[in-house]
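The values are calculated or read from the model by the stated rules, or taken from the named source; none is laboratory data. Please read all numbers here as calculations on a predicted model, not as lab measurements. Please note: Cβ atoms are built from the backbone with ideal geometry, for glycine as well, and neighbour counts cover all protein chains shown. Surface accessibility is based on the protein's heavy atoms, side chains included, excluding ligands, DNA and RNA. Shrake-Rupley method; radii C 1.70, N 1.55, O 1.52, S 1.80 Å.
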Amino acid sequence: MKSSIFNCNVLELPKIHNRAGNITPVHGNNDIPFPVERVYYLYDVPGGETRGGHAHKKLHQLIVAASGSFDVTLDDGKNKKTVTLNRPNYGLYVCPGIWRDLSNFSSGAVLLVLASAKYDENDYLREYKSFLEFVNGL
Ligand code: TYD
């Protein structure tokens, strides 16, 4: 399937309501369209800082604002869109072959990522030119 930002959507995750606090469970391959192999989270982002600036060849990810808010800009080489995440029971599914930039982190934001594979530097496209060559099949 071709990498397209139109395949990257905000998914509503389950929410178990309780007056003493809520729980969001996420089951790989069930609540989200891939098995979860790795979890990581980004935090203590200094004000005004941006992150991301890369794409993945094979990795599927779900990005969640576990706390606070931030913007995710997705680019498939043809189209771009920016999504603001600010609720812990919503996650942005990012399919392989999508360039992403992360910006506008609120103070105390925690960006949680559920990923389909272990960390592999060879799966990264860190140069925009290489990304365009990859998505254009060069
Ligand atoms: P990177 O994915 O480039 O961060 P971001 O997209 O948030 O800017 O990762 C930054 C550094 O952390 C890079 O040197 C690789 C390392 N890293 C790991 O060792 N394991 C991981 O699971 C991740 C996500 C990053």
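Find the relative contact order for the range 18-97 and round it to a whole percent, using C-alpha pairs within less than 8 Å whose residues are 6+ positions apart. Provide the component values of the computation, followed by the final result.
Working: 84 pairs, mean separation 22.9, N = 80.
Rounded, it is 29 percent for the range 18-97.
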Equivalent ellipsoid dimensions for the chain as semi-axes, Å, which come from the Cα gyration tensor, largest first: 25, 17, 13
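About its Cα centre, what dipole magnitude does the range 5-135 give when the only charges are +1 on Lys and Arg Cβ and -1 on Asp and Glu Cβ, stated in debye to the nearest 20?
On the way: 14 positive and 14 negative charges, 52 e Å.
Charge dipole of the range 5-135: 260 debye, to the nearest 20.
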Carbon plus sulfur fraction of accessible area for the range 5-135, probe 1.4 Å, in percent: 48 percent
Pairs from 15/80; 15/78; 57/78 whose Cα-Cα separation, in the structure shown, is over 26 Å: 15/80; 15/78
Solvent-free Debye scattering, log10 I(q)/I(0), computed from the Cα coordinates of the range 12-68 at q = 0.14, 0.22, 0.26 Å⁻¹: -0.57, -1.10, -1.23
The chain: antiparallel DSSP beta bridges as a percent of all, rounded to 5: 95 percent
Listed residues 56, 27 arranged by accessible area, highest first, probe 1.4 Å: 27, 56
The range 104-130 and the range 29-61: distance between their alpha carbon centers, rounded to Å: 4 Å
Positive-end residue of 48, 115, 10, charge dipole of the chain with Cβ unit charges: 10
Probe 1.4 Å, protein heavy atoms only - accessible area per residue of the range 40-130 in square angstrom: 50 Å²
